[in-house]
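Right, one structure below, let's go through it.
The values are calculated or read from the model by the stated rules, or taken from the named source; none is laboratory data. Treat the numbers as computed from the prediction; the structure is a model and nothing was measured. In this analysis, Cβ positions are derived from the backbone assuming ideal geometry, glycine residues included, and neighbour counts consider all displayed protein chains.
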Amino acid sequence: MEFEPVIGLEVHAQLKTQSKIFCSCSTAFGAPPNTHVCPVCLGMPGVLPVLNKKVVEYALRMAVATGCQVAEISRFARKNYFYPDLPKGYQISQYELPIAAFGEVEIEVNGTAIKIGITRIHMEEDAGKLNHDPHRPMSHVDLNRTGVPLIEIVSEPDIRSPEEAGAYLKKLRSILRYLEICDGNMEEGSFRCDANISLRPKGDEKFGTRTELKNLNSFKHVEKAIHYEIRRQQAILEEGGQVIQETRLWNPDSQKTYSMRDKEEAHDYRYFPDPDLLPLVIDKAWIDQVRNDLPELPDEKTDRFIHQYSLPEQDAERLTSSKELADYFEACVTIFSEPKAVCNWITGILLGLLNAQGKTIEESPVTAENLAGLLKLVSEDVLSAKIAKAVFDEMAETGKSARQIVDEKGLVQVTDSSAIEAVVQKVIDASPDEVVAYKGGKRKLIGFFVGQVMKETSGKANPGIVNKILQDKLGG
Amino acid sequence: MKRETKMKLYALTIHEAHDLLKSRQISSTELTRAVLDHIEKIDDKIGAYLSVFEENAMIQAREADHMIARNEIQPLTGIPLSIKDLICTKGLPTTCASKILENFIPPYDATVMSKLKNAGAVTLGKVNMDEFAMGSSTENSGMHITRNPWDITRIPGGSSGGSAASVAADMCIGSLGSDTGGSIRQPASHCSVVGMKPTYGRVSRYGLVAFASSLDQIGPLTKDVTDCALLMNVISGYDPHDSTSVPKDVPDFRRSLEKGLKGLKIGLPKEYYMTEGLDPDVSATIDNAANTMKDLGAEFVEVSLPHTKYAVAVYYVIAPCEASSNLARYDGVRYGFRDKDPKDLMQMYRSTKSKGFGPEVQRRIIIGTYALSAGYYDAYYGKASQVRTLMIEDFKNAFQKCDVLLSPVTPSPAFKIGEKTDDPLNMYLSDIFTLSANLAGVPGISIPCGFSKNNLPIGLQLMGSHFNEEMLIKVAYNFEQATMFHKKKPSL
């Protein structure tokens with residue numbers, strides 16, 4: 001029997017507001033334990049939460065960007081459970097009335113466009129972290145992360161393969177980053193994903209029993225874990241067995257999922273509206289303002305790049321894969337208006353360099369201005385394409401502009417025919433055997449002569465002119 | 001002040017003390033010393049205080065004297081107050097009368113404490129209460145009981161029993177308590193003092209250790225209505241740290257201290273007078289009070305609060321539900337009591353809570369946890385919230401017909417210590433007249449209105465519409481000035 005996977009994803013995105021969702025503590029990552037805390041996020045007796053308006057604005061951006069309906073009235077609720085990283089014994093979240101629902105995002109897999117529904121988006125506070133002492137039976141509680149704002153984005157069970165799941169996640173992350181509300185770093189935990197997976201016989205309407213996968217903390221792992229889980233469930237079903245509804249943890253070392261078999265999953269969260277916070281009322285004017293202020297989103301930008309810069313779709317998609325890369329490209333094009341050449345340099349050379357150095361485009365040692373300056377020198381025949389790569393490497397190393405390097409090293413291309421002619425003559429005079437061989441039919445030796453001329457001129461001679469003069473002299 | 005006219009300074013009201021401070025006849029240092037000495041002398045008998053901050057109080061008194069010397073006197077400057085022990089005081093113990101917070105010292109001041117400090121008031125110490133404000137007798141204190149100054153074999157009421165007893169026995173000039181279901185008004189009634197529960201949202205709850213967040217409200221317990229107005233002036237107002245406090249201008253409540261009730265319409269909620277078990281002394285005293293009001297020019301109308309019969313049931317769902325969540329944080333991880341050497345995390349939670357919380361608190365946590373559980377939420381919390389909405393409507397309708405509602409505070413005067421401790425349901429039912437004001441969020445005041453045959457105080461409750469504390473103060477003031485029950489003091 002052929003089975004069809006049914007997958008829904010729950011994504012937690014940490015919002016990069018300056019301060020926490022219910023107090024004014026900093027949200028900065030990496031501070032010494034328990035230094036970004038106050039009575040409110042420590043859950044001291046008597047404290048009360050006060051909602052950070054910026055969090056609502058960020059959540060609204062995502063809601064509008066994914067075509068959600070924004071709730072005129074939403075509510076915060078308490079999700080009650082005990083854990084040492086949860087100082088109040090409850091997490092303030094949204095339950096019955098989330099801020100937004102009924103949205104969708106479009107993804108493309110193998111050339112086919114697919115719409116993935118967004119069930120809901122809600123705001124909540126993050127919990128702290130436990131650090132388990134490896135040497136003693138002791139755990140340390142760090143509450144810096146407590147109260148950092150999150151949005152949870154719940155998808156419809158519209159995803160049918162690990163590849164679609166990956167594409168959906170990448171699209172969500174890209175939108176979040178375009179909106180500048182989340183840095184989307186899975187390894188640091190600012191972008192987290194749980195997956196609900198079930199199988200059903202192909203053609204069936206009814207969903208099978210699902211499992212929930214946790215601990216998927218990189219894009220690679222999400223796809224691998226879902227792959228594994230599909231195979232696991234399929235094996236059970238093919239043997240006539242039944243999938244157990246449970247939470248399973250992905251172990252990236254063994255590349256398997258394991259049942260949590262833990263009391264933790266038998267939670268009854270006893271949700272109820274948080275009496276410390278008033279219902280959140282969002283008026284239309286605010287939504288309109290967020291809509292108006294929305295930046296260009298990835299899909300729109302890709303389309304624009306295809307049309308405005310006449311780029312192939314693949315190139316446009318590559319350049320718009322992050323807002324920063326697209327900005328870099330556009331900054332180059334403003335100075336040097338040959339989009340395809342810029343694109344080739346960025347995707348062919350710059351990204352390779354950054355990749356090798358483990359840097360992001362924002363950290364690029366070659367600024368957009370400098371890259372455009374280099375390409376300009378090539379197009380103006382000041383610099384040969386051959387030397388350009390070497391100049392680029394030096395730019396990457398020193399941060400200098402191409403013009404600066406060219407001037408310092410005297411790398412300006414020689415296009416003066418008489419100067420080149422003198423060098424050609426010198427090469428011919430010094431290589432009588434090769435001249436005889438060439439004239440005798442060994443035409444491939446032209447490369448040798450060009451090489452010698454280039455050597456003499458330290459690569460500065462214009463190769464077109466060199467070729468022409470050589471052929472004149474050797475009688476091609 | 002002159003030796004020959006030396007009076008019992010501790011017996012002063014806020015406004016009397018203020019007049020003497022302002023005219024430099026006494027200093028705050030003298031006043032505070034006198035009250036501290038009085039506490040030292042009689043609190044062994046009463047047990048109102050959980051902690052007395054003698055040194056701190058004297059420092060504050062000296063600072064107040066400096067303020068007065070600079071002519072910066074405000075109505076509360078130099079006035080020594082007692083504070084219910086669930087209002088956070090920075091650097092000073094705040095226990096909620098619970099073992100679980102026995103050693104807890106808050107790192108911050110409640111908003112009301114900041115306001116009192118700015119006004120130059122002196123904090124004498126923290127007073128007893130039912131643990132986490134859960135109770136009506138102060139017998140649920142995890143530390144010790146408090147006795148009623150009028151009869152030390154009886155309870156002072158609760159949960160703000162320490163506040164009421166300290167005011168009645170002159171162990172402070174005024175006090176702050178909190179009221180979740182009657183916890184200010186009922187002890188005020190049992191101890192013959194004035195106690196007001198303001199409108200929900202009038203006074204910031206920031207720093208008030210939460211029992212039931214949607215019902216809790218801080219309020220004053222004082223020796224007369226004028227003092228109530230003075231304290232209300234200072235503690236009221238919107239607080240950006242409390243989203244449920246209401247951004248509304250605060251009137252000067254002193255302006256409500258004016259004579260004349262002509263044309264006032266007083267509503268008598270008929271359901272309150274059909275209650276079984278209303279003590280005949282209470283009934284007769286309330287009738288007398290109504291007659292006094294009539295003599296003062298008020299008219300009476302009968303009104304109906306049809307959902308009153310559900311108040312106890314609704315309250316004992318909503319309050320424990322919220323409490324079960326609010327008290328989850330006392331887990332022994334960060335502060336307060338933690339049981340020694342637990343074998344694992346689960347056992348740490350269990351034994352910390354079992355040993356740290358008293359029986360009534362555990363009872364309510366269990367009730368609330370049960371009522372919020374999956375499958376029960378709609379039937380309990382959901383239904384209770386719906387009835388609560390109807391109760392708010394009841395009050396709105398009633399206030400279309402009248403200016404204030406008049407009722408007893410409690411069905412009977414203070415009972416004997418230990419009399420009801422084995423019967424929690426009976427104890428819950430004695431809150432019948434006070435719960436509705438919390439559920440509806442309206443303000444209520446309890447003022448002395450007479451005594452039973454065996455000389456136990458009886459209080460009168462007035463309830464007003466949302467944010468109309470002025471009306472309550474005005475009516476209470478007229479009644480007080482016409483009857484002067486507040487002048488009668490217990491003999492200790």
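For the stretch B:286-293, the criterion of a residue being of a type outside the set (D, E, K, R), surrounded by fewer than 22 Cβ atoms within 10 Å (Cβ to Cβ), over 22 Å from residue B:437 (Cα atoms) and in contact (Cβ under 8 Å) with a residue 60 or more places away in the chain is satisfied by at least one position.
Is the stretch B:314-335 home to any residue that is more than 18 Å from residue B:461 (Cα to Cα), in contact (Cβ under 8 Å) with a residue 60 or more places away in the chain, more than 14 Å from every other protein chain (Cβ to nearest Cβ) and surrounded by fewer than 17 Cβ atoms within 10 Å (Cβ to Cβ)? Taking every residue of the stretch B:314-335 in turn, none turns out to be more than 18 Å from residue B:461 (Cα to Cα), in contact (Cβ under 8 Å) with a residue 60 or more places away in the chain, more than 14 Å from every other protein chain (Cβ to nearest Cβ) and surrounded by fewer than 17 Cβ atoms within 10 Å (Cβ to Cβ).
Among the candidates A:283, A:293, which residue alone is within 30 Å of residue A:329 (Cα to Cα) and away from every other protein chain (no Cβ under 14 Å)?
A:293
Name the strands (runs of 3 or more DSSP E) wholly inside the stretch A:135-246 in which the number of residues that are farther than 22 Å from residue A:60 by Cβ is 3 or more. Break it down into steps so the answer makes sense when it comes.
Working: elements: A:139-142, A:149-155, A:191-201, A:211-214.
Where strands (runs of 3 or more DSSP E) fall fully within the stretch A:135-246 and carry at least 3 residues being farther than 22 Å from residue A:60 by Cβ, they are A:139-142, A:191-201, A:211-214.
Yes/no matrix, rows are residues, columns are (1) in contact with a helix residue (DSSP H, G or I) (Cβ under 6 Å, 6 or more places away or on another chain); (2) farther than 28 Å from residue A:389 by Cα:
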{"residue": "A:423", "(1), (2)": "yes, no"}
{"residue": "A:432", "(1), (2)": "no, yes"}
{"residue": "A:442", "(1), (2)": "no, yes"}
{"residue": "A:447", "(1), (2)": "no, no"}
{"residue": "A:450", "(1), (2)": "yes, no"}
{"residue": "A:453", "(1), (2)": "yes, no"}
{"residue": "A:470", "(1), (2)": "yes, no"}
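What's the total number of residues in the stretch B:77-101 that are under 17 Å from residue B:356 (Cα atoms) and either among the small types (Gly, Ala, Ser) or within 13 Å of another protein chain (Cβ to nearest Cβ) (or both)? Counting residues in the stretch B:77-101 that are under 17 Å from residue B:356 (Cα atoms) and either among the small types (Gly, Ala, Ser) or within 13 Å of another protein chain (Cβ to nearest Cβ) (or both) gives 10. For residue B:188, the conditions (1) of a type in the set (A, V, I, L, M); (2) in contact with a helix residue (DSSP H, G or I) (Cβ under 7 Å, 6 or more places away or on another chain); (3) in a loop (DSSP other than H, G, I, E, B) all hold with the exception of (3). Could you please find all residues in the stretch B:341-374 being over 31 Å from the mean Cα position of the chain (by Cα) and surrounded by fewer than 17 Cβ atoms within 10 Å (Cβ to Cβ)? Result: B:341, B:342, B:343, B:344, B:345, B:346, B:347, B:350, B:373, B:374. Checking A:216, A:199, A:172, A:176 one by one, the residue that is more than 14 Å from the chain's Cα centre (by Cα), modelled with pLDDT of 95 or more and not charged (D, E, K, R) is A:199 and no other. Could you list, ordered by first residue, the pairs with Cβ atoms under 7 Å in which the first is in the stretch A:276-304 and touching a residue at least 24 places away in the same chain (Cβ under 8 Å) and the second is part of a helix (DSSP H, G or I) and hydroxyl-bearing (Ser, Thr, Tyr), at least 6 apart or interchain? Cβ pairs passing all conditions: A:295/A:178; A:297/A:178; A:298/A:174; A:298/A:178.
Yes/no matrix, rows are residues, columns are (1) in a loop (DSSP other than H, G, I, E, B); (2) β-branched (Val, Ile, Thr):
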| residue | (1), (2) |
| --- | --- |
| A:37 | yes, yes |
| A:40 | yes, yes |
| A:43 | yes, no |
| A:48 | yes, no |
| A:51 | yes, no |
| A:55 | no, yes |
| A:58 | no, no |
| A:63 | no, no |
| A:79 | no, no |
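Note on the stretch B:55-86: among residues that are of a type in the set (S, T, N, Q), out of contact with any helix residue (DSSP H, G or I) (no Cβ under 6 Å at 6 or more places or on another chain) and touching a residue at least 40 places away in the same chain (Cβ under 8 Å), the one that is surrounded by the most Cβ atoms within 10 Å (Cβ to Cβ) is B:60. Of (1) touching a helix residue (DSSP H, G or I) at 6+ places or on another chain (Cβ under 8 Å); (2) closer than 19 Å to residue A:186 by Cβ, residue A:242 satisfies all except one. Which? Answer for residue A:242: the failing condition is (2). Answer yes or no: is there a residue in the stretch A:267-277 that is part of a loop (DSSP other than H, G, I, E, B), surrounded by fewer than 15 Cβ atoms within 10 Å (Cβ to Cβ) and within 14 Å of chain B (Cβ to nearest Cβ). Scanning the stretch A:267-277 turns up at least one residue that is part of a loop (DSSP other than H, G, I, E, B), surrounded by fewer than 15 Cβ atoms within 10 Å (Cβ to Cβ) and within 14 Å of chain B (Cβ to nearest Cβ). Can you confirm whether the stretch A:79-99 contains a residue that is among the small types (Gly, Ala, Ser) and more than 14 Å from every other protein chain (Cβ to nearest Cβ)? No, the stretch A:79-99 contains no residue that is among the small types (Gly, Ala, Ser) and more than 14 Å from every other protein chain (Cβ to nearest Cβ). For the stretch A:63-78, the set of residues classified as surrounded by 21 or more Cβ atoms within 10 Å (Cβ to Cβ), touching an Asp or Glu at 6+ places or on another chain (Cβ under 8 Å) and more than 14 Å from chain B (Cβ to nearest Cβ) consists of A:66 only.
The set of residues from the stretch B:236-267 being away from chain A (no Cβ under 14 Å) and touching a Pro at 6+ places or on another chain (Cβ under 7 Å) comprises just one member, B:236.
When each of A:437, A:422 is tested for being free of Cβ contacts under 8 Å to residues at least 24 places away in the same chain and either over 27 Å from residue A:378 (Cα atoms) or surrounded by 15 or more Cβ atoms within 10 Å (Cβ to Cβ) (or both), the lone residue that passes is A:437. If you go through the stretch A:311-363 and keep only what is part of a loop (DSSP other than H, G, I, E, B), under 18 Å from residue A:298 (Cα atoms) and in contact with a helix residue (DSSP H, G or I) (Cβ under 6 Å, 6 or more places away or on another chain), you end up with A:311, A:320. Of the residues examined, residue B:192 is one that is over 18 Å from residue B:469 (Cα atoms) and more than 14 Å from chain A (Cβ to nearest Cβ). For the stretch A:22-34, the criterion of being farther than 19 Å from residue A:184 by Cα, hydroxyl-bearing (Ser, Thr, Tyr) and in the same structural domain as residue A:199 (by TED's automatic domain parsing) is met by at least one residue. For the stretch A:9-57, filtered to residues that are in contact with a strand residue (DSSP E or B) (Cβ under 6 Å, 6 or more places away or on another chain) and small (Gly, Ala, Ser), the residue that is farthest from the other protein chains (Cβ to nearest Cβ) is A:13.
With over 21 Å from residue B:236 (Cβ atoms), among the polar types (S, T, N, Q) and buried (at least 24 other Cβ atoms within 10 Å of the Cβ) as the only criterion, which of B:192, B:204 stands out? Steps first, please.
On the way: B:204 fails: over 21 Å from residue B:236 (Cβ atoms).
That would be B:192, the only listed residue that is over 21 Å from residue B:236 (Cβ atoms), among the polar types (S, T, N, Q) and buried (at least 24 other Cβ atoms within 10 Å of the Cβ).
The rows are residues; the columns are (1) touching a helix residue (DSSP H, G or I) at 6+ places or on another chain (Cβ under 7 Å); (2) surrounded by fewer than 23 Cβ atoms within 10 Å (Cβ to Cβ); (3) more than 27 Å from residue B:77 (Cβ to Cβ).
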{"position": "B:108", "(1), (2), (3)": "no, yes, no"}
{"position": "B:122", "(1), (2), (3)": "yes, no, no"}
{"position": "B:136", "(1), (2), (3)": "yes, no, yes"}
{"position": "B:143", "(1), (2), (3)": "no, yes, yes"}
{"position": "B:159", "(1), (2), (3)": "yes, no, yes"}
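Among residues belonging to the stretch A:394-413 that are touching a residue at least 40 places away in the same chain (Cβ under 8 Å) and surrounded by 18 or more Cβ atoms within 10 Å (Cβ to Cβ), point out the one that is farthest from the chain's Cα centre (by Cα). In this case the residue turns out to be A:413.
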